[in-house]
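Scroll down for the structure; my scribbles are underneath it.
The values are calculated or read from the model by the stated rules, or taken from the named source; none is laboratory data. In this text the structure is predicted, and so the values were computed from the model without any measurement. Cβ coordinates were reconstructed from backbone atoms using ideal geometry, including for glycine residues, and neighbour counts include every protein chain displayed.
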Amino acid sequence: MKPGRPLRLAINGYGRIGRCFLRALMESSLRDRFVVVAINDPADLASVAYLTRFDSTHGRFPGCVELAADGLVIDGAPIKVFHASTPDGVPWWDLGVDILVEASGQYSYRDELEAFLGAGCGRVLLSHPGHSAADVDRTIVYGFNEGVISGDERVVSAASCTTNAIVPVLALLEEAYGLEQVLLTTLHSVMNDQPLIDGYHHSDLHLTRSAMQSMIPVATGLAKGVVRLLPQLKGRVEAKAIRVPVVNVSAIDMVVSLQRSVRVEDVAVLLRETADACGAGRMAYTAEPHASIDFNHSLHSAIIDGQQIRLSGDRLLNLLVWFDNEWGFANRMLDVAMCWSDRLAGLGGEVA
C-alpha cells in the first residue's frame, strides 16, 4: 500500500460476522483508514441490502444503504457485490484488494487460503482459526500478541470469539499466580448451524436438535486455540461448550487451579486494575448484577463479572467471563486489520 491512502478491504462471506465487521467499521473512528470495495456472498443483492439495513440483534444500520446495479452504496461509497462460489470467481486483481476479510468460515487450510492470494487478494484476514498453526502466518488475539505482526504476513487469523475472550485472562492469571489446570465451559448463544426445530441436517446429532428449546452440548476447539497462543499450558487445558437458547452474548465459566494461594479480594483487584488499564474494547470489569442481554453490542473482548468470583479452598478459582460473540469479535478483527495496516504502512511499499 502507498503511505497515506486508505487500505482497500473486501469481505468474503456476509453472514453474522461479515455484516458486523462492516458495521463495526462504519461505527468506528477507523472508517477513514479503510474502504470496503467488495462483498462476496451467495445471497441475492436485495437480501444483502436488506440485512445490512435491518438487524434483529444490533438494530438498524446507522448509515444510508442504497441499492446500485452491481452492489451497494453506503453513505455515498460504492461497494460491489459478487456471488461467486470459488476464490477465483471474483476479479480481486481489478478491485485492488489489500486485505480480504474471510468471514465465510469455509476456508481454513493453507492451500485454500492461498487460492485467494493467487486470485489477486494482497492479504487474507480470517474470522476463525486456521486448521493448524502452520496454515496461517500468525494467529492474533488483539490485546495479547498483536505486537508480533511484522507486516510480512500474507495470512493472519483473528482466532475466535472465545479465544479472544479467555486468552488474555488466562495469561494474566498465569503470570500472577501460575496455573496448574484449566477447565473452560463456554455457554454460547445459538448459531446458524442449528435448526429452529429438530431436523436432519448435521452429522453431529447434537446439532439436529431445536436451538431454541434446549441447552445443547457441542464440540469445541477452544482448548486447542488456547494452547496455540499459550503453549506453556499444553496438557493442562480442557474445554467443553453448551449452546444456550439466546440469540447473542455468551459466557465462559472458567475453573483454574492455581500454583499460589489467593483471596477473592486479591483476584478482584488484579482483574479490575488490569481492565481499567486496558485499551478500549479489550477487557472490562463489572461489579453490578448483570444478565447476558446487558452486554449486547458490547465491543469488549471480555467482561469479568466481579460478583461471580468464587474460591474453593485458596487455590481453586472460578470466574465468569461475558462477551458479545458477534460485536466484540468483529471489533477485534477490525483492530487486527488496523494493526496490520500500520505495519504495512511502515514497510513503505505496495501490498503485493
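Can you work out which of the residues in the range 94-111 that are buried (at least 17 other Cβ atoms within 10 Å of the Cβ) and acidic (D, E) is farthest from H131 (Cα to Cα)? Here the residue is D98. Within the range 45-52, the presence of at least one residue that is within 22 Å of L95 (Cα to Cα) and among the hydroxyl-bearing types (S, T, Y) is confirmed.
Annotation note: Cβ proximity below 8 Å between a residue of the range 18-37 that is within 21 Å of Q106 (Cβ to Cβ) and a residue that is in a helix (DSSP H, G or I) and of a type in the set (S, T, Y) (sequence gap 6+ or interchain) occurs for R19/T52; L22/T52.
Just wondering, is there one or more residues in the range 233-244 that are farther than 26 Å from A171 by Cβ and without any contact (Cβ under 8 Å) to a residue 60 or more places away in the chain? So that I can check it myself, show each step before the final result.
If we filter the range 233-244 for residues that are farther than 26 Å from A171 by Cβ, which is where we start, we get 243-244.
Going one step further and asking which of them are without any contact (Cβ under 8 Å) to a residue 60 or more places away in the chain, we end up with 243-244.
Looking for residues that are farther than 26 Å from A171 by Cβ and without any contact (Cβ under 8 Å) to a residue 60 or more places away in the chain, one finds at least one in the range 233-244, hence yes.
Of the residues F82, F54, the single one that is outside the structural domain of V226 (by TED's automatic domain parsing), under 24 Å from S341 (Cβ atoms) and of a type in the set (F, W, Y) is F82.
Please determine whether any residue of the range 100-107 is over 23 Å from R23 (Cβ atoms) and at pLDDT 95 or above.
First, pick out the residues of the range 100-107 that are over 23 Å from R23 (Cβ atoms): none.
Within the range 100-107 (the criterion being over 23 Å from R23 (Cβ atoms) and at pLDDT 95 or above), the answer is no, since none of the residues qualifies.
Being assigned to a loop (DSSP other than H, G, I, E, B) and touching a Pro at 6+ places or on another chain (Cβ under 9 Å) is the filter; apply it to the range 32-83 and report the residue that is surrounded by the most Cβ atoms within 10 Å (Cβ to Cβ). Ranking the qualifying residues of the range 32-83, first place goes to R33.
Residues that are without any contact (Cβ under 8 Å) to a residue 60 or more places away in the chain and assigned to a loop (DSSP other than H, G, I, E, B) within the range 115-148 comprise A119, G120, H128, G130, H131, S132, V136, D137, listed in sequence order.
State which residue is farthest from the chain's Cα centre (by Cα) when the search covers only the range 310-333 and only residues that are more than 24 Å from V141 (Cα to Cα) and touching a residue at least 40 places away in the same chain (Cβ under 8 Å). Quick ask: steps written out before the conclusion?
Initial filter on the range 310-333 (more than 24 Å from V141 (Cα to Cα)): 310-316.
From what is left, the residues that are touching a residue at least 40 places away in the same chain (Cβ under 8 Å) are 310-311, 314-316.
On the way: R310: 28, L311: 30, D314: 34, R315: 31, L316: 29 Å.
For the range 310-333, the residue satisfying everything is D314.
Among the conditions (1) more than 24 Å from H300 (Cβ to Cβ); (2) in a helix (DSSP H, G or I), the only one that A24 does not satisfy is (1).
Of T208, T286, T220, all but one fail to be touching a residue at least 40 places away in the same chain (Cβ under 8 Å) and of a type in the set (S, T, N, Q); the exception is T220.
Filter the range 203-232 for residues that are in a loop (DSSP other than H, G, I, E, B) and at pLDDT 95 or above and give the result.
In the first step, residues of the range 203-232 are kept if they are in a loop (DSSP other than H, G, I, E, B); the result is 203-204, 209-215, 219-221, 230.
Those that are in a loop (DSSP other than H, G, I, E, B) and at pLDDT 95 or above: R209, S210, A211, M212, Q213, S214, M215, A219, T220, G221, L230.
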